[in-house]
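A short write-up of the structure that comes next.
The values are calculated or read from the model by the stated rules, or taken from the named source; none is laboratory data. Remember, it's a predicted structure, so these values are computed and weren't measured experimentally. Every residue, glycine among them, receives a Cβ derived from its backbone with ideal geometry; neighbour counts consider all protein chains shown. Accessible surface is based on the protein model in full, side chains and every heavy atom, while ligands, DNA and RNA are left aside. Shrake-Rupley method; radii C 1.70, N 1.55, O 1.52, S 1.80 Å.
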Amino acid sequence: MGRKLVILHVDGVSADSLEQALREGEMPFVQHLIDAEGYVVHRYRCGVPSTTPFAQAGILYGDNAEIPSFRWWDRERRVLVQFGARSSFKKVADTYFRDCEPLTKGGACIAACYPAGAADDFGIAYQDRSYGQEERSRSAARVLVPYLANPVHLGDWVWQTVAMLARTAGDYTEARSKGRRPARPYVVTNVVEEIFVHHLTRYAVEQAMREGYSPIYAGFYAFDESAHAFGPGDRSVRRALKHVDHSIRKIASARGNGYELVVLSDHGQVDTIPFAGAGRRPLGEVLAEMLPGFRVQEMKGKAYGPPDDAAQGRVHAIFSGGLAHLYFAERRERIGYRELMTLHPQLVPGLSGLEQIALVMARDGEEDVFWKAGLEVRGPAAKAEIAHYDDPDILLPQLSRLNSFKAAGDIVLFGAFSGGRQFNFENQAGGHGSIGGDQLHPFLLAKREWGIDTSEVHGAHEVHPILSRLRDHLIGVGP
Ligand SMILES: [Zn+2]
């Protein structure tokens, strides 16, 4: 058979967002794949945390254990592990993915969180992952220069830049005129992402196909960034899907070189409201009041409580959308629930009583402990409390898995929903990482003839064997 595989990761697009865009005719090429090439939209569950590093580790390695969020505190190495511009994953990378068979072994992995055994990343990383440099890894310059040297690309890029800036300015003004508060930092990153990285990644994928790499995995973040900025339901965000559809079409047109195409997402997004706002105080400030003498540091934010030299201890509050992990920073291991309740009896009940908090989670030995609205619940009794976030028979094991991670916070918090929007611990208009709504429900678009079934996929790590089998089937080494 000897077919090659290119997998396009469109970040943050839930199955519902995709189907809505198709219904509204905003993704004509994906519609063509469905109508004319026998593609079907498979829904799957990414698990909790519903965030990129967790989902991509699952998809690329089949193992996303001990990845509790987009960022977390590593108690042993005493570092804040995060992805994004100031990535620090390399400081703990040696403790991950041992004995895993990466999906893109010997292939190309472009604009993703991890090198995933790929021979080349075309110099484009979702983060600086210099620890993953392979012999043949080329520098970004080797991609950028030929790309910009082509007047068509340059013209296309300049035109897109102007159009995008004008559009975003318009979207921003419109959102403000409607009393909405776009998350400014994301408006800017969105522009850069959509104009620059998106184009470059697309060009790198075409280059990798010309050079015959397989499998190829490439991440596109335009939708996710704009959804963080304006909220996933916003008109301008759905327009980002048009852009994504155009890129899928361009890459698909290069399939002649013996490639099969899969398009997937890693999680969805929900509309959110800031935790602190409308008279509500920041979580750090609330925590400092509940923990007199402790200095509370919101990682990526402010510090509250006494100065370091006067503090009896420090708490790191680490956020990822509607998910928060709280760490007693001096500790080398996760604090058990009983000790927590002995040391700080008011803390957990107090947090669970906040209107912005839906659920508090802690670990008592091997047992999960939840608090909701001032009440403690354990075991199967918790199902009733989480039923409106997703099927409790699926969600409870997902929460329990996260709660089994040593890297998880001493206390884990989940934002409540109000008026259909989730309280977000970060300054975003759209978010993910937590429970409830579309964020838990991404998609995988593949040909019906490949016989893929994702109905029982309850975690992104269960997508890995499905794609590995497809890769091998296409090459002709698997069933
Ligand atoms: Zn993502």
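Restricting attention to the stretch 426-458 and to residues that are of a type in the set (S, T, N, Q) and open to solvent by less than 40 Å² (accessible area, probe 1.4 Å), the residue that is nearest to F230 (Cα to Cα) turns out to be Q428.
Checked against (1) within 24 Å of T272 (Cα to Cα); (2) buried (at least 20 other Cβ atoms within 10 Å of the Cβ), A382 meets all criteria but (1).
The residues of the stretch 7-33 that are in a helix (DSSP H, G or I), away from the ligand (no atom under 16 Å from the Cβ) and open to solvent by less than 50 Å² (accessible area, probe 1.4 Å), listed by number, are A21, L22, F29, V30, L33. Of all residue pairs spaced 6 or more apart or on separate chains, those with beta-carbon atoms under 7 Å, a first member in the stretch 11-29 that is at positive phi and in contact (Cβ under 8 Å) with a residue 60 or more places away in the chain and a second member that is of a type outside the set (S, T, N, Q) and in a loop (DSSP other than H, G, I, E, B) are G12/H267; G12/G268; G12/H432.
Pull up the stretch 261-284, narrow it to residues that are assigned to a loop (DSSP other than H, G, I, E, B) and within 16 Å of the ligand (Cβ to nearest atom), then point me to the one that is farthest from Y217 (Cα to Cα).
Q269
Among the numbered conditions (1) farther than 28 Å from L154 by Cα; (2) surrounded by 18 or more Cβ atoms within 10 Å (Cβ to Cβ); (3) not assigned by TED's automatic domain parsing to the domain that holds Q422, the only one that F223 does not meet is (1). Looking at (1) buried (at least 24 other Cβ atoms within 10 Å of the Cβ); (2) modelled with pLDDT under 95; (3) of a type in the set (G, A, S), which is the one condition that is false for A57? With respect to (1) buried (at least 24 other Cβ atoms within 10 Å of the Cβ); (2) modelled with pLDDT under 95; (3) of a type in the set (G, A, S), A57 is out only on (2).
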